[in-house]
Amino acid sequence: MQPLISIITPFKNTGSYLFECLDSVLEQTYQNWEMLLIDDHSSDNSAQIVAGYSKINSRVKLTKNNGVGIIEALRTGYSQSAGNFITRMDSDDIMAPEKLDTLISGLLESGKRHLATGRVKYFRKDGLSNGYIHYQNWLNRLTSDGSNYSEIYRECVIPSPCWMVYREDLEKCGAFKPDRYPEDYDLAFRFYKRGLKVIPCTQILHYWRDYSTRTSRTDEHYAANYFLDIKLHWFLQLDYNPDSPLVVWGAGSKGKEIARKLIEGETPFQWVCNNPNKIGHKIYGKEMLPFDSITNLVDPQIIVTVANKDAQRNIRTFFHKQGMKPMTDYFFFC
C-alpha cells in the first residue's frame with residue numbers, strides 16, 4: 001500500500017482560488033493523501049467551499065484554527081495529521097499532477113534525512129514583475145542541482161508550498177513549534193541545521209499564484225526587516241565563528257540594520273565599504289573602513305549587504321583573488 005501523505009493547508013479568504021487548488025490535489029497521480037485545510041477565521045465563502053469538497057471526498061478535511069495566524073494554523077493541521085510524510089500547500093496555488101508522486105518517490109528512494117522539493121512557476125493574471133521572475137529563476141537553479149543551502153542567507157531557498165519530508169525528520173527539525181517569522185524561511189534554516197540533504201529536481205511541480213492581496217505581500221511578518229532578523233539569528237547560531245574577525249560589507253539600509261543589530265547584541269565587527277564618500281566617517285559610532293582593509297585580517301568572516309548585482313560580481317572577484325570560500329569566509333545577505 002502507498003504511504004500516506006499529509007498535506008497541511010492553512011487558508012483565509014481565498015475563496016476565489018480554492019476550487020483550482022483543491023481540484024489540482026484531487027487530480028494527483030499519487031492518491032494516498034489526506035488534505036488538512038485549516039480555516040484561519042475567514043470572512044468569505046472559503047470554509048463553505050472546503051466543506052463542500054469534504055462531503056464528497058473524505059480525504060479533504062476541514063478544521064478551524066485553534067489560534068490566530070499561519071503558524072497556529074500549521075500547528076493545528078499538523079496535530080491532526082496521520083501521514084508518515086508531511087508537505088504543505090497554499091490554498092491559492094496549483095499542484096502539477098505529478099507533484100506528490102515525484103516528491104514521495106524521491107524520499108522513498110533517498111531515505112530519511114532528505115528533503116524533497118521541486119521547481120516552481122509563478123503566475124499572475126496581469127503579468128509578473130521582474131523581481132518575482134528573478135526569484136523564481138534563482139530558486140529553480142538551486143533546486144535543479146540540490147544546492148539550495150549554498151545561498152540560504154540571500155532569500156528563502158525552500159519554496160514553502162513545495163517540499164516534503166519524513167514526519168520523523170520534521171519532528172527533529174522542530175516542526176511548526178517556533179514562533180519565528182517568516183515561518184517558511186525559519187523552517188528552511190532548521191532543515192539546513194539538521195543537515196537534511198536536498199534531492200535535486202528539474203521538474204516544475206508547483207504553480208505559485210501572485211496577486212496584490214497575497215499574505216506575503218500584505219502581512220507585516222514578511223517585511224524586509226523580518227528577513228534580516230532571521231538571517232542574522234541563524235548566521236550567529238550556525239555559521240559564525242567567534243574566533244574569526246567579523247566584517248560587514250556595505251553601508252546601505254541593509255548594512256546599517258545588520259550593524260545596528262550586531263551592536264545591540266554586543267557582537268564585535270568591522271565595517272567596510274567601497275564608497276569613498278563614507279570611508280572615514282562614523283555610523284553608530286563605528287568608523288567606515290575601505291574594503292581592502294580586509295586583507296589585513298586573519299581568516300575573517302564577511303557579511304555582504306550590497307544589493308547591486310554589478311558590485312556583487314566585483315566583490316566575488318575580490319574574494320576569489322583572496323582565496324576565500326562562500327558559506328565559510330563570506331555570506332551574501334542579499
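Could you line up LEU246, LEU22 from fewest to most neighbouring Cβ atoms inside 10 Å?
In order of increasing Cβ crowding within 10 Å: LEU246, LEU22.
Applying 1/(1 + (r/R0)^6) with R0 = 25 Å to the Cβ-Cβ distance of ARG59 and GLU168, what FRET efficiency is obtained, to the nearest 0.05?
0.65
Measure up LYS177/LYS261; LYS99/LYS177; LYS231/LYS325 against 22 Å on the Cα-Cα distance and list the ones that go over.
Working: LYS177/LYS261 25 Å; LYS99/LYS177 26 Å; LYS231/LYS325 19 Å.
Result: LYS177/LYS261; LYS99/LYS177 exceed 22 Å.
With a 10 Å Cβ neighbour count serving as the proxy for reagent exposure, in which order, fewest first, do CYS21, CYS273 appear? Write down the numbers at each step before the final one.
Numbers: CYS21 26, CYS273 22.
Going from least to most buried by this count: CYS273, CYS21.
Going highest first, how would you order 306-315, 156-165, 248-257 by mean Cβ packing within 10 Å?
Ranking, from highest mean packing down: 156-165, 248-257, 306-315.
In which sequence would SER16, SER54 go, from the one with the fewest C-beta neighbours within 10 Å to the one with the most?
Lowest to highest Cβ neighbour count: SER16, SER54.
Let me spell out the model: positive unit charges on the Cβ of Lys and Arg, negative unit charges on the Cβ of Asp and Glu, origin at the Cα centre of the chain. What dipole size does that give, in debye rounded to 20?
Details: 40 positive and 39 negative charges, 89 e Å.
Taking the Cα centre of the chain as origin, the dipole is about 420 debye.
Label points 7 Å out from Cα along the Cβ direction at ALA311 and GLU98: separation in nm?
4.4 nm
Be a star and scan region 10-39 for residues whose amide nitrogen sits under 17 Å from the point 7 Å along the Cα-to-Cβ vector of SER105.
27-33
Which entries in LYS64/LYS197; LYS121/LYS197; LYS278/LYS321; LYS12/LYS125; LYS61/LYS125; LYS197/LYS286 show an alpha-carbon gap greater than 32 Å?
LYS64/LYS197; LYS197/LYS286
Taking +1 at the Cβ of each Lys and Arg and -1 at the Cβ of each Asp and Glu, which of SER81, PHE189, TRP138 sits farthest along the dipole of the chain towards its positive end, judged by Cα position relative to the Cα centre?
Positive-end residue among those listed: TRP138.
FYI, it's all coordinate maths here, none of it is from the lab. Please read these numbers as outputs of a predicted model, since none were measured by experiment. Neighbour counts are summed over all protein chains in view; Cβ atoms, including those assigned to glycine, are modelled from backbone coordinates with ideal geometry.
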